[in-house]
Structure formats: structure tokens, C-alpha cells
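The structure appears below as C-alpha cells.
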Amino acid sequence: MDFVDYMRIFGSLLTALSVSFGIYVYRRNEDRHMFASFRDSLGDLRNHVSSLDYLLSESEFSVLGTNVTNRLRALKPPKWSRDEFIKYLVDKNNHSQVAAAIHQGRLDSPSIEPSRQLLAKIRTAPFRYKEQLPVVGLILGKLLFYIERVAATALSPQLLNSGIGNPKAIKEALVPELEKYEEEEQIFAEIAVFIGSFPAAAMQMDSMGQKLFDESERLIKILADAFSRKSDAELRKSGKQQRKSHSELRKISNEYAIDDAFAYFKAIRSEFTDDEWNRIVESKTRILEYVRRSNEKK
């Protein structure tokens, strides 16, 4: 083999090394973009849940009550008295008009559409990490189940309809309050308070309301913080480990979603500090207490 042949072989090796190096650099750049996007998405999720929490506040429910009341008020002819309007509300023959007013009043509320959009974004979160960090996706799926459940209950049209659209509730709870007033403004202000009290009461439930939302949000924040601070290399390593255990973890099926979530947390225990782990255990214990209490009441 002469010198020219050696140079050709050497040139081929250099070309192969150059291609391999190019592929390596390309993949690392792709990883950097992917992991940067991953960290941003965790921050976005944390912000989405926090924003939804704000939209489930009493001040927002007060606005909701006012908007529904304005639509109901539009049903009242100018010369109707308070008692005549009450009679109209409790008459089953008028239920379709009352229900339509409730529906339109909900749509008028500035919290309903943003809440719907936030819930839509939140629902996609578990699937966003399915490939790279599948155990993180599994945990989020279980925790967001509780977030969605609380929000859907508080913002449901059925909840409002069970109040202002329910003749029995009107007679037993609203009429005694309305009888204290004569002025139309006072009467409709009281109706607005009555309407807003239903989603507010849903959030104040001891088992499936604000407390459940708060603990679920706390676990999401711990998870997001733990993985947001990791380097690309650490995320890459964690991803490989998570993909190995993903198939087995998917077989887990407990009675409560929080038990599944905790089993997934335990599979990646090393990703959390001792302080974070203690807070995870505390929140898991509280959530389990809330959901068990809710089932006992059924």
C-alpha cells in the first residue's frame, strides 16, 4: 500500500469523524433547544395553575354573580314587583328562559373563557413530557386530574342552575333575604350575592375544594422546581432512567389518583431534596385524606 492509499484512508477517516462530530453537535443543539423548551413549559404550567387559582377566587365569583343577575334582570318587565319577579323565577314553566339567562350570564363573565383556555392548556401538559421525561408526565396527569376536577365543579353551569335555577333553593334560601328589601337595586344585589355564593361554596368544601387544589398545586410546583433547575446532562440522564421504568409504572392502578402519583414520585425519589420529599409526603397525605372524606360523603 503506497502513500497515496494511506492518505485516502486517512482522508476517509477524517470525513467519517467530521460527519460523526457534526451529528453529535447537531444532537446536542437539538437537546439544548428541547430542554430549554422543557424548562419553559414547566414554568408555563406552574403559571397556568396559579392563574386558574386566581380565577377561582371569591372576587371573580362575585363578578360572575353580577353578570348572571344582569341577564336575569333583563327578563323583568319595568312594572313587575319583587314578589312577582320571585314568582316568575320559581315557576317551572319559565325554567328555559332562566336557564338561558344563566348560560349567557356565564359567558359574559370575564373569568369563564380564560378559565376554559387555561384548562385546555393544562390538559395537554402530561403529554408534553411523554417522550423525554415520561414519569414526570405520569405524575402531572394524576395531579392535574384534581386541579381540573375542582375547577370544573366550581365553574359548571349545572352548579349555578342548582341555585338560581332551582325553585326550592330560591324559596328556602333566597326569598327570606329578598324580603328584607324593597329597592330594586338592593334586591338584585342580593340575587348576585346568592348566585356567586354557589361556586364560592364549592371552593370552600372541606374535601374537594380549595384545599385539594392548593395541595395539588404545591406538588406541581415542587415537581416543576426540581426539574427546572437541572442541567441538560442531568435531564438527559433522568430521561433515560424514566424511560426504563415507564412501562412498569404504567401498570400501577390504585383506588385514588394520588396513590398512583406518589408511586411515580417514589420511582424518581433521587431527583428531590430531603426537604422537597418531606413536603411531597405531607401534601400526598392531605390529598388522600380529602379524597377519602369526599368518598365517605357520597
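The values are calculated or read from the model by the stated rules, or taken from the named source; none is laboratory data. Everything quoted here is computed from the prediction, not taken from an experiment. Neighbour counts are summed over all protein chains in view; Cβ atoms, including those assigned to glycine, are modelled from backbone coordinates with ideal geometry.
Take the residues of segment 149-173 that are free of Cβ contacts under 8 Å to residues at least 24 places away in the same chain and in a helix (DSSP H, G or I): which is surrounded by the most Cβ atoms within 10 Å (Cβ to Cβ)? Steps first, please.
Taking segment 149-173 and keeping what is free of Cβ contacts under 8 Å to residues at least 24 places away in the same chain, we get 156, 158, 166, 168-169, 172-173.
Narrowing further to those that are in a helix (DSSP H, G or I): 158, 168-169, 172-173.
On the way: Q158: 9, K168: 9, A169: 17, E172: 10, A173: 13.
Within segment 149-173, the match that is surrounded by the most Cβ atoms within 10 Å (Cβ to Cβ) is A169.
In segment 55-144, which helices (runs of 4 or more DSSP H) lie fully inside it and hold 1 or more residues that are within 18 Å of E190 (Cα to Cα)? It comes to 58-73, 82-90, 95-108. Checked against (1) in contact (Cβ under 8 Å) with a residue 24 or more places away in the chain; (2) under 13 Å from L178 (Cβ atoms); (3) among the acidic types (D, E), D53 passes all but condition (2). A search for C-beta distances below 6 Å between a residue of segment 120-148 that is buried (at least 17 other Cβ atoms within 10 Å of the Cβ) and any residue that is of a type in the set (F, W, Y), counting only pairs 6+ apart in sequence or on different chains, returns V135/Y264; V136/Y129; G137/Y129; L138/Y264; I139/Y264. One residue stands out in segment 135-188 among those that are among the aromatic types (F, W, Y) and over 30 Å from S247 (Cβ atoms): the one that is modelled with the lowest pLDDT, namely Y181. Where helices (runs of 4 or more DSSP H) fall wholly inside segment 206-280, the ranges with 2 or more residues that are within 23 Å of the chain's Cα centre (by Cα) and closer than 12 Å to I139 by Cβ are 210-228, 257-267.
Per-residue answers, yes or no, for (1) touching an Asp or Glu at 6+ places or on another chain (Cβ under 8 Å); (2) at pLDDT 95 or above; (3) of a type in the set (A, V, I, L, M, F, W, C); (4) crowded, with 20+ Cβ neighbours inside 10 Å:
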| residue | (1), (2), (3), (4) |
| --- | --- |
| L223 | no, yes, yes, yes |
| S228 | no, no, no, no |
| R236 | yes, no, no, no |
| H246 | no, no, no, no |
| K251 | no, no, no, no |
| Y264 | no, yes, no, yes |
| T273 | no, yes, no, no |
| I287 | yes, yes, yes, yes |
